[in-house]
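See below for the structure under consideration.
The values are calculated or read from the model by the stated rules, or taken from the named source; none is laboratory data. Predicted model, so just to flag it, every value in this text is computed and none were measured. For neighbour counting, all protein chains shown are included, and Cβ atoms are generated from backbone atoms with ideal geometry for every residue, glycine included. Note: areas computed on protein heavy atoms with side chains; ligands, DNA, RNA excluded. Shrake-Rupley method; radii C 1.70, N 1.55, O 1.52, S 1.80 Å.
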Amino acid sequence: MSAIEVFLFYLTGLILVMSGLAVISLRNPIHCALALVLAFLVAAVQWLLLGAEFLAWVLVLVYVGAVMVLFLFVVMMLDISLVKLREGFWRFLPLGLIVAGTLAVQMFLVFSGDYFQGAQEALPKSAVVPDDYSSIRELGKVIYTDYLLAFELAAILLLVAIVAAISLTVRSRKDTKQLDPAGQVIVKADDRMQVVALELEKPAAVPDENQEPEPSDDGKDK
């Protein structure tokens, strides 16, 4: 990585940490969700700097484009009480700090240990990456050749889960009009449309309000 890429990596890392802190510290749920969107976008930029284009685009399309839009929709549609949402924050703060400190210590021990340093030294130093190399193309070759069956099974499983979720959540109501797709399919065109000949009648003349009424026979001089 060049000096500019290293600078951008640490800058985006700082923004990522600040946006993560904003997610758990802001009072408004909408602002928390927007801060989480910023964290995802900055993490995608870091993946691009590391040369993992596929993970960057997946992070933007899946999390920012779908998951966070769903979160924002749910938060904006529901009537969330901010007072109840903030209850118990200070009570569970010491436990959260203990868990966060434990994770930080474990990450420090992993990255500073001999195992991680040995793994870094075992990497080939003379590997040259061609200019036309694409991680997305290489990943696609592996998925659609070696793991094609697993990929298809996962797609079928997700499709079944989506259909089951829709069928379980949809409820028929008596006060709404619903169409039967099976009945629409079996109906023929002759049964659905009937041509009827209607006799047209000439509409009656509408008197004009500005026109003076004609005198009747009763009003003539005798």
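Observations on the structure shown:
- Of the residues making up region 12-65, those that are without any contact (Cβ under 8 Å) to a residue 24 or more places away in the chain, touching a Leu at 6+ places or on another chain (Cβ under 6 Å), of a type outside the set (Ser, Thr, Tyr) and more than 22 Å from Tyr133 (Cα to Cα) are Val23, Cys32, Ala39.
- Checking each residue in region 23-46 for being assigned to a helix (DSSP H, G or I) and surrounded by fewer than 16 Cβ atoms within 10 Å (Cβ to Cβ) picks out Ile24, Ser25, Ile30, His31.
- Residue check for Ile186: at pLDDT 75 or above, under 30 Å from Phe54 (Cα atoms) and not charged (D, E, K, R): no
- Tallying residues that are open to solvent by less than 30 Å² (accessible area, probe 1.4 Å) and assigned to a helix (DSSP H, G or I) within region 47-63 yields 2.
- Index of the failed condition, Val17 passing every other in (1) modelled with pLDDT under 85; (2) out of contact with any Gly (no Cβ under 9 Å at 6 or more places or on another chain); (3) open to solvent by 50 Å² or more (accessible area, probe 1.4 Å); (4) β-branched (Val, Ile, Thr): (1)
- Look at (1) open to solvent by 90 Å² or more (accessible area, probe 1.4 Å); (2) in a helix (DSSP H, G or I); (3) modelled with pLDDT of 65 or more and you find that Glu199 fails only one, number (2).
- The one condition in (1) surrounded by 15 or more Cβ atoms within 10 Å (Cβ to Cβ); (2) at pLDDT below 85; (3) closer than 30 Å to Arg137 by Cα; (4) of a type in the set (A, V, I, L, M, F, W, C) that Ala66 fails to fulfil: (1)
- Looking across region 137-155, the residues that are within 23 Å of Ala52 (Cβ to Cβ) and open to solvent by 80 Å² or more (accessible area, probe 1.4 Å) come down to Arg137, Lys141, Tyr144, Thr145, Asp146, Tyr147, Phe151.
- Region 156-170, residues that are at pLDDT below 85 and either of a type in the set (Val, Ile, Thr) or open to solvent by 90 Å² or more (accessible area, probe 1.4 Å) (or both): Ile162, Ile166, Leu168, Thr169, Val170
Quick grid of which residues meet (1) more than 30 Å from Ser25 (Cβ to Cβ); (2) part of a loop (DSSP other than H, G, I, E, B); (3) in contact with a His (Cβ under 6 Å, 6 or more places away or on another chain); (4) at pLDDT below 85:
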site: Val105; (1), (2), (3), (4): no, no, no, no
site: Gln117; (1), (2), (3), (4): yes, no, no, yes
site: Gln120; (1), (2), (3), (4): yes, no, no, yes
site: Leu123; (1), (2), (3), (4): yes, yes, no, yes
site: Ser126; (1), (2), (3), (4): yes, yes, no, yes
site: Tyr133; (1), (2), (3), (4): yes, yes, no, yes
site: Val142; (1), (2), (3), (4): yes, no, no, no
site: Phe151; (1), (2), (3), (4): yes, no, no, no
site: Ala154; (1), (2), (3), (4): yes, no, no, no
